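Taking it in order: structure first as structure tokens, then the write-up.
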Amino acid sequence: MKALIQPVWEALFLSETPYADMRAHPNPVRRGLGTILLIAVIAALVGLIGTALEWATTPAMSDIQAVVLQSIHDMPWYRDLQGLPEFRQQFSQWYETGWRIFPQLFGAPNIAGAGLRILWLPLVLTITWILYGLLAYIPARWLGGEGTLAQTLGCTALAVAPHLFTFATLFPYVTVGGLVGTWTLLCRYVALKTSHRLPWGRALIATMVPYALFGLFVALLSCLTSAIIGALFAGGMSQ
Amino acid sequence: MKINELLQLAWDVLCFRTDAYAQHVARADTLKRGLTLLVLVTLVAGLLGFLINTVQNLRSIDPAVQRQEAQVAIREFTSAIATLQSYLDLPPGFMARIIRYMQSGIDIGLRINALPTPFPKPVGRFLENLGTFLSLPFNRIAGWLGYTLWVLLVAKLLGGRATVTQMLGATALYAVPHVLDILGMVRCLGGLLGLIGTLWGIAIYVKAVSIANDIDIGQAILATVTPAVVGILLSGLGLFTLVILVVIGG
């Protein structure tokens, strides 16, 4: 395990040595996959412990929901409107729906969700790694890169290193924020620069192409979704 | 990496000793050293606040005292609004409604605070403080990293020669004077020391950019301020567009 974690630790500090070692490895894809799975499982386990501690220091959500509801019932505007049966029914429905959605959005501790993360985090990180590796390989080669696809995948697997920051979430209430995403970008840049032996400008372009493609995909998806929703609404209005 | 070496580096950085910056940038572990200093300084700066909050939170808190403190805060808020009333043109009964809602909010907060938790309350309050304290370095790293990448890009366009590792390792030293933030809770003096720390940190940042990229101080200043200026201009443009859209929309 130490043989897998040590290079990740060095890769976190953007040292080119672990990336060059990965490039020279006889089976970089298998080693990369092992690295990703190991870090993802440890990160998820650490997160589970932190979430459990946070849950143990937070009142039950059902109790909080009841306190807020009682306080709303005591408010003058509610007393003014509670005579209307429609209002009472709709308010109750919206209140229940809101409490099913918002606590999760605002980071209320969810032990079941944190437990499931042990399964889905390795899966998500693996899929992201393969997709990114494939999408970055093409521009890297096009820009004169010398690395093979296996070397690209092996080196970009080390970009899982910033997930080491999330080990701090062993302590509840610690927030790492968007740091992991930005640092992953840096690790990917060093990975492509090293695996393809590219100068900085070309390595930067190869690093950013998958992000640009992803942005384009999201924009197209948003347009398509808006168009479908618009068409459905228009169809509904005309009937 | 020895602690006395790091302390010596911190001192040399504060004194703007060019050799110390150059030797730091030339090392293979420049980023590891810079980041270690940044994390240590941030934790030291936040230590006093963490200890004070921990001691305060470990005392049992009387809800009546909390309510009284909240009432004082509401009174201060309403008196502040009252001084502005002639400029604000508030509708009649507006202030009474605001006070009523603020009191309801305080009631909800106090009642939630009184709800039982699986672990004893002081343990929860301690862990919450610890979490906030341990998050401080991550917040600082996130801000510094995001900005420095843009500065590196400008420096490269100006002919800079730093690698990402050298640039990050060098500019992380900007955090050293922020050790003064440890006295941030002291009234007046804390603010003044914070300002001194910020200005000193900016000066260290510029020198670090200059040495890491092998460019002169003028170019380093340009590289440092350009991302901020572009950000401000873009924000201004966005705001201007929004105002135009609102005006056109009527």
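The values are calculated or read from the model by the stated rules, or taken from the named source; none is laboratory data. Predicted, not measured: the structure shown is a model, and the values here were computed from it. Please note: Cβ atoms are built from the backbone with ideal geometry, for glycine as well, and neighbour counts cover all protein chains shown. Quick note on the areas: whole protein, heavy atoms, side chains included, nothing else; ligands and nucleic acids left out. Shrake-Rupley method; radii C 1.70, N 1.55, O 1.52, S 1.80 Å.
Against the main long axis of the alpha-carbon atoms of chain B, helix B:63-88 sits at an angle near 80°. Phi angles of the range A:182-189 translate, via the Karplus equation with coefficients 6.51, -1.76, 1.60 and θ = phi - 60°, into HN-Hα couplings of 5, 5, 4, 4, 5, 4, 5, 4 Hz per residue; Gly and Pro are given as x. Any lysines with Cα under 18 Å of the B:LYS121 Cα? List them, leaving off those in the same chain fewer than 8 positions away. Excluding near neighbours in sequence, the set is empty. Label sites at B:LEU90 and A:PHE217, each approximated as a point 7 angstrom past Cα along Cα to Cβ, lie 5.2 nm apart.
Each Lys and Arg contributes +1 and each Asp and Glu -1, all at the Cβ; summed about the Cα centre of the range A:6-108, the dipole is approximately 340 debye.
For the residue pairs A:LYS193/B:LYS2; B:LYS2/B:LYS156; A:LYS193/B:LYS156; B:LYS2/B:LYS207; B:LYS32/B:LYS207, the C-alpha atoms sit more than 22 angstrom apart in A:LYS193/B:LYS2; B:LYS2/B:LYS156; B:LYS2/B:LYS207.
Note that the range B:38-53 has calculated 3J(HN,Hα) couplings of 4, 5, 4, 4, 5, 5, 4, 4, x, 5, 4, x, 4, 5, 4, 4 Hz, one per residue in order, obtained from phi through the Karplus relation 6.51 cos²θ - 1.76 cosθ + 1.60 (θ = phi - 60°); glycine and proline are x. Summing charges over neighbours of A:THR152, with a neighbour being any other residue whose Cβ is under 13 Å away from its Cβ, gives +4 when K and R count +1 and D and E count -1. Each chain gives up part of its surface: B and A jointly bury about 3200 Å² of accessible area, both sides summed, for a 1.4 Å probe.
A Cβ-based charge dipole, computed about the Cα centre of the range B:70-222 with Lys and Arg at +1 and Asp and Glu at -1, lands at about 320 debye. Dividing the summed helix terms, -39500 (n - 2.57) for each DSSP H run of n ≥ 4, by the number of residues in chain B produces a 222 nm estimate of -28000 deg cm²/dmol to the nearest 500. Backbone phi angles across the range A:211-225, fed through the Karplus curve with coefficients 6.51, -1.76 and 1.60 (θ = phi - 60°), yield HN-Hα couplings of 5, 5, 4, 4, x, 5, 4, 5, 4, 5, 4, 5, 4, 5, 4 Hz in residue order; Gly and Pro are listed as x. The angle between the Cα long axis of helix B:189-213 and the main principal axis of chain B comes to about 30°, on a 0 to 90 degree scale. Using only the Cα atoms of chain A, build the gyration tensor, take square roots of its eigenvalues as a ≥ b ≥ c, and label the shape rounded, prolate or oblate: rounded if a/c is under 1.5, else prolate if a/b is larger than b/c, else oblate. The shape class here is oblate. Hey, if you drop one equal point scatterer on each alpha-carbon of the protein assembly as shown and run the Debye formula without solvent, what base-10 log of I(q)/I(0) do you get at q = 0.06, 0.07, 0.11 Å⁻¹? Computed log10 I(q)/I(0) values: -0.39, -0.54, -1.22. For the range B:51-121, the fraction of alpha-carbon pairs lying more than 18 Å apart is 55 percent, rounded to a whole number. With bins 10 Å wide beginning at 0, the percent of Cα pairs of the range A:168-235 falling in each bin runs 18, 26, 22, 22, 10, 1. Taking every alpha-carbon pair under 8 Å whose residues sit at least 6 apart, the range B:3-249 reaches a relative contact order of 32 percent. Exposed loop sites here are trypsin sites (Lys or Arg not before Pro) in DSSP loop states with at most 10 other C-beta atoms within 10 Å. What is the longest stretch of chain B lacking them? Result, exposed sites excluded: B:60-186.
Hydrodynamic analysis of chain B uses the Kirkwood radius over alpha carbon pairs. Inserted into Stokes-Einstein at 10 °C and 1.306 mPa s, it gives a translational diffusion coefficient of 72 µm²/s. For chain A, the longest principal axis of the alpha carbon atoms and the long axis of helix A:28-56 meet at an angle near 30°. Computed on protein heavy atoms with a 1.4 Å probe, the accessible areas place A:HIS163, A:HIS196, A:HIS25 in the order A:HIS25, A:HIS163, A:HIS196, largest first. Full extension of the chain between A:THR148 and A:LEU38 yields a length gain of 37.2 nm, computed as 0.36 nm times the residue separation minus the alpha carbon distance.
Any idea what diffusion coefficient the range A:59-105 gets from Stokes-Einstein, in µm²/s, Kirkwood Rh on alpha carbon pairs, 20 °C, 1.002 mPa s?
Working: Rh = 11.5 Å.
Here the translational diffusion coefficient equals 186 µm²/s.
Estimated from helices alone, the mean residue ellipticity of chain A at 222 nm is -26500 deg cm²/dmol (sum of -39500 (n - 2.57) over DSSP H runs with n ≥ 4, per residue).
FRET efficiency for the B:VAL65 to A:ALA60 pair, using the beta carbon distance and R₀ = 25 Å, is estimated at 0.45.
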